[in-house]
Amino acid sequence: VGQVSDEQSTGSSTRALMSSRLRDPVFWGLALWFMACSGTAAGILFQIVPYLKSVGVDQAVMLMTVTLIGPMQVVGRIIVMSFGEKMNISTVGGCISLLMPLSVLCLVFLPPELRWLGFFSVSFGLANGIFTIIRGIAPAEWLGQEEYGRLIGALGAPSFLATALAPLMTAIVWSKTGDPLVMLWALFALALLGFLGYLVAAINRQ
């Protein structure tokens, strides 16, 4: 009987904690931030090759552009891991939340030449690489480590949905308008939505 009572008490405590988090603007800011960044990254990764082909980029340059993204993601993760506890989540989060839309603007405004496409690859790769680490750290620091698994699961669901839908939605936008720039502007708007989510979470954090 005592064990059942303890389990009921634990379950009630867990529900109360998660209910409290669902009323916290930090939770919804993080959810919006993670969802928008995940969707932006998925859309860019899915459309970057078709986009570069559409603007006549040479195959060798295109391969260099795409290939550079991966190593820069690793560099971003190494930077975060190197700083460890000295890292300020608010500062780093703000930087990557601005780098993501900046990388989209690189594609929109800069000539499709290797040096400028390289700048895109560096900014996007760093932002996406660091983001994959931050989305595991920020919830624990800003909302607490208790019931961390449930917290990450609740925050992750919208992100998984955005990741799954972004390739389809960007393809639909491009197909309906016939203009890849419209698709890029849609991704830029999504990235800005992520920055808004970051601001909501950062301003209201514990």
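The values are calculated or read from the model by the stated rules, or taken from the named source; none is laboratory data. This one's a predicted model, so the numbers in the text were calculated from it and none came from an experiment. Cβ atoms come from the backbone with ideal geometry, glycine included; neighbour counts cover every protein chain shown. Ligands, DNA and RNA are stripped out before the accessible areas are found, and what is left, the full protein with its side chains, is counted by its heavy atoms. Shrake-Rupley method; radii C 1.70, N 1.55, O 1.52, S 1.80 Å.
Residues Phe109, Phe83: which one is over 19 Å from the mean Cα position of the chain (by Cα), under 29 Å from Trp28 (Cα atoms), open to solvent by 10 Å² or more (accessible area, probe 1.4 Å) and free of Cβ contacts under 8 Å to residues at least 12 places away in the same chain?
Phe83
Mind checking which residues of the range 116-158 are touching a residue at least 40 places away in the same chain (Cβ under 8 Å), of a type in the set (S, T, N, Q) and buried (at least 19 other Cβ atoms within 10 Å of the Cβ)?
Ser121, Asn128
Those residues that are open to solvent by 60 Å² or more (accessible area, probe 1.4 Å) and polar (S, T, N, Q), I need them from the range 60-78; list them, please.
Thr67 - this is the single residue of the range 60-78 that is open to solvent by 60 Å² or more (accessible area, probe 1.4 Å) and polar (S, T, N, Q).
Inspect the range 35-45 for any residue being in a helix (DSSP H, G or I) and farther than 27 Å from Trp116 by Cα and give the result as yes or no.
Checked the range 35-45: at least one residue is in a helix (DSSP H, G or I) and farther than 27 Å from Trp116 by Cα.
Check Ala191, Ala202, Ala186 and return the single one that is open to solvent by 10 Å² or more (accessible area, probe 1.4 Å), modelled with pLDDT of 95 or more and either of a type outside the set (Phe, Trp, Tyr) or part of a helix (DSSP H, G or I) (or both).
That would be Ala186, the only listed residue that is open to solvent by 10 Å² or more (accessible area, probe 1.4 Å), modelled with pLDDT of 95 or more and either of a type outside the set (Phe, Trp, Tyr) or part of a helix (DSSP H, G or I) (or both).
Could you give every pair whose Cβ atoms fall below 9 Å, whose first residue belongs to the range 179-206 and is touching a residue at least 60 places away in the same chain (Cβ under 8 Å), and whose second residue is among the aliphatic types (A, V, I, L, M) and outside any helix (DSSP H, G or I), counting only separations of at least 6 or pairs across chains?
Correct list of pairs: Pro180/Val55.
Take the range 51-63 and flag every residue that is touching a residue at least 12 places away in the same chain (Cβ under 8 Å) and out of contact with any Ser or Thr (no Cβ under 8 Å at 6 or more places or on another chain).
Tyr51, Ser54, Val55, Gly56, Val61, Met62
Which is modelled with pLDDT under 95 and touching a Cys at 6+ places or on another chain (Cβ under 8 Å), of Ser97, Ser82?
On inspection, the qualifying residue turns out to be Ser97.
Please pick out the residue among Ser121, Ser159, Ser103, Ser175 that is outside any loop (DSSP other than H, G, I, E, B) and within 30 Å of Leu17 (Cβ to Cβ).
Ser159
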